[in-house]
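The values are calculated or read from the model by the stated rules, or taken from the named source; none is laboratory data. For clarity, every value in this text was computed on a predicted model and none was experimentally measured. Because the Cβ atoms are built from the backbone with ideal geometry, glycine has one as well, and the counts that use them run over all protein chains shown. Note: areas computed on protein heavy atoms with side chains; ligands, DNA, RNA excluded. Shrake-Rupley method; radii C 1.70, N 1.55, O 1.52, S 1.80 Å.
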Amino acid sequence: MRKKNQKLNTRAGSAPNRINEENKFRMKSPCNLPFTQVIVRPDGTLGKCCNDPLSKITLGDLNHQTLREIWRGRAYQELRKEMYFNGRQNIPGCEFCDIFGLYNYLPPSAMTNEFKRLVDEISLRKNFGARYILDTTPLSKNLFERFKVCGVGFDGFINIRGDAADKNYKFVTLQQALSERAFILVPLIYYDDGLFDFLHGMGYRYGKDYLCCTPGV
């Protein structure tokens, strides 16, 4: 039970005691829930997240699809891509939500421990040739610099977007990296799981030839 005038989360703008605040406060920051959470309703449909209590948005139906098909499907992938690059401001059901930040359910200690784990895992591998970080996003470049400070050097980035090369870094194509049998670090943002199917098809194995890191490291 709650008091009627108690100020809690907006629940994506659907909370009755916050409904009049929709036009006063709109966050633009991304949210990590589409990357980390699945909400299954009693009827087998999948809601967008726990902040959609009235089930306004549906991303799939387990009566007709497997959980894997839904999680890897177009609806989820498009949502993640929009959320990561543009934030919540243009997403119906997210635009008035006040859950804060891309890392909202990851405490700083968890982020620190996860990054330390990656540093340790990569540092212990002495037989690596080239090392590349996938993509050219700000997240990838931030990881490059953070690892460098910790004594773990990467040779550059895998440019999967065809972005103009930054002369301060080395860029290669995915095919070039594979031809070198390079180690790849994959920041998990919106990437389609087809990427991992492709890597496995090329003989890459998780933990040996590539590792993943979450946005919150």
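Quick one: count up the residues across region 39-69 that are within 22 Å of F85 (Cβ to Cβ) and of a type in the set (A, V, I, L, M, F, W, C).
From region 39-69, those within 22 Å of F85 (Cβ to Cβ) are 48-49, 51-52, 57, 59; that's our starting set.
Applying the additional criterion that residues be of a type in the set (A, V, I, L, M, F, W, C) yields 49, 57, 59.
Residues that pass the stated criteria total 3.
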Odd one out for I91 among (1) over 20 Å from L8 (Cα atoms); (2) touching an Asp or Glu at 6+ places or on another chain (Cβ under 7 Å); (3) touching a residue at least 40 places away in the same chain (Cβ under 8 Å): (3)
Within region 37-64, tally of residues that are open to solvent by less than 30 Å² (accessible area, probe 1.4 Å), under 21 Å from T10 (Cβ atoms) and either among the small types (G, A, S) or free of Cβ contacts under 8 Å to residues at least 12 places away in the same chain (or both): 1
Subset of region 146-181, residues in contact with a Gly (Cβ under 7 Å, 6 or more places away or on another chain) and within 30 Å of R74 (Cβ to Cβ), comes to F171, V172
For F85, which of the numbered conditions (1) assigned to a loop (DSSP other than H, G, I, E, B); (2) out of contact with any Gly (no Cβ under 7 Å at 6 or more places or on another chain); (3) modelled with pLDDT of 75 or more fails to hold? (1)
Cross-chain or 6+ apart pairs with Cβ under 9 Å, region 65-87 first and more than 26 Å from M27 (Cα to Cα), then part of a helix (DSSP H, G or I): I70/Y76; R72/G194
Could you tell me which residue of region 136-159 is modelled with the highest pLDDT, considering only residues that are surrounded by fewer than 20 Cβ atoms within 10 Å (Cβ to Cβ) and in a loop (DSSP other than H, G, I, E, B)? D155
